[in-house]
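Report on the structure given below.
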Amino acid sequence: MGTSNPAAFLDRFSAWLEEKLVPMTDKITNNRYVKVLMDSFMGISALTIGASFFTLIRSLPLGEGYTAFLEQTGLFEILNFPILITSELISLYLILAIGYFLAKSFGKKPINGALIALGSFLMVTPFTSQMQVVLENGETAMATVSNALQVSSFGATGIFLAMIVASFPSGFMYGLTTRDSS
């Protein structure tokens, strides 16, 4: 039986990674849209970290007395507000960040990109909603609410849609307005 040299194997494996994987990874990370997504998620990370701070304070494992104290003094709701503002509207923050960084990557005014992305997102957001209501006689019925935005559309469930809607219409517009000067 021959003995294998682990150092030689690691050298060959490292050389293979550098030859095959690194160029492909460089192409992916240097893509304009991947850079925009990375910058956008980094941009909204401060919001999520801030909300995590409030979550930690609200959820300290100090027993039932601490939880009761927070609820009786109203601090639970106060601490819950920043968490809800962040988690329930995370898609809005992301759409603004993607529009901002995409416009910046095309050399355009970032605020315009953020507003175009936000407008595009709102165009595909439903303005009607089905909800259960309690009638005067105590019965429940389903009702359609018109001209109202569902907050759930702006939470984590809307992140994927936000990435698509912010990237394609804005990128398409910048592609049309940017001319090659050569």
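The values are calculated or read from the model by the stated rules, or taken from the named source; none is laboratory data. Since we're looking at a predicted model, the values are computed, not measured. In this analysis, Cβ positions are derived from the backbone assuming ideal geometry, glycine residues included, and neighbour counts consider all displayed protein chains. We work out accessible area using only protein heavy atoms, side chains counted, and drop any ligands, DNA or RNA first. Shrake-Rupley method; radii C 1.70, N 1.55, O 1.52, S 1.80 Å.
The candidate values are (1) 17.0; (2) 19.1; (3) 20.7; the one derived from this structure for Kirkwood radius over Cα pairs in Å carries the label (3). Neighbours of GLU77 by Cβ distance under 14 Å: Lys/Arg scored +1, Asp/Glu scored -1, total 0.
For the listed peptides 14-23, 132-141, 87-96, a ranking on the average number of other beta carbons within 10 Å per residue, highest first, reads 87-96, 14-23, 132-141.
Accessible area per residue for the chain is 69 Å², calculated with a 1.4 Å probe on protein heavy atoms, without ligands, DNA or RNA. Straight Cα distances below 22 angstrom link LYS104 to the lysines LYS27, LYS35, with same-chain residues fewer than 8 positions distant left out.
Backbone phi angles across the stretch 118-132, fed through the Karplus curve with coefficients 6.51, -1.76 and 1.60 (θ = phi - 60°), yield HN-Hα couplings of 5, x, 5, 5, 5, 5, 9, 8, x, 9, 10, 8, 9, 9, 8 Hz in residue order; Gly and Pro are listed as x. When the chain is treated as a GNM with alpha-carbon contacts under 10 Å, the residue of MET142, MET38, MET24 showing the greatest mean-square fluctuation is MET142. Solvent-accessible area of the chain (1.4 angstrom probe, protein heavy atoms only): carbon and sulfur portion equals 67 percent.
Listed values for the stretch 12-17 are Karplus-derived 3J(HN,Hα) couplings in whole Hz (6.51 cos²θ - 1.76 cosθ + 1.60, θ = phi - 60°), namely 5, 5, 5, 5, 5, 4, and x replaces Gly and Pro.
Here the simple spin-label model places points 7 Å from the Cα toward Cβ, and for THR140 and PHE76 these points are separated by 2.2 nm.
Specify the inter-centroid distance of the stretch 40-55 and the stretch 79-155, based on alpha-carbon positions, in whole Å. Computed from Cα coordinates, the inter-centre distance equals 18 Å.
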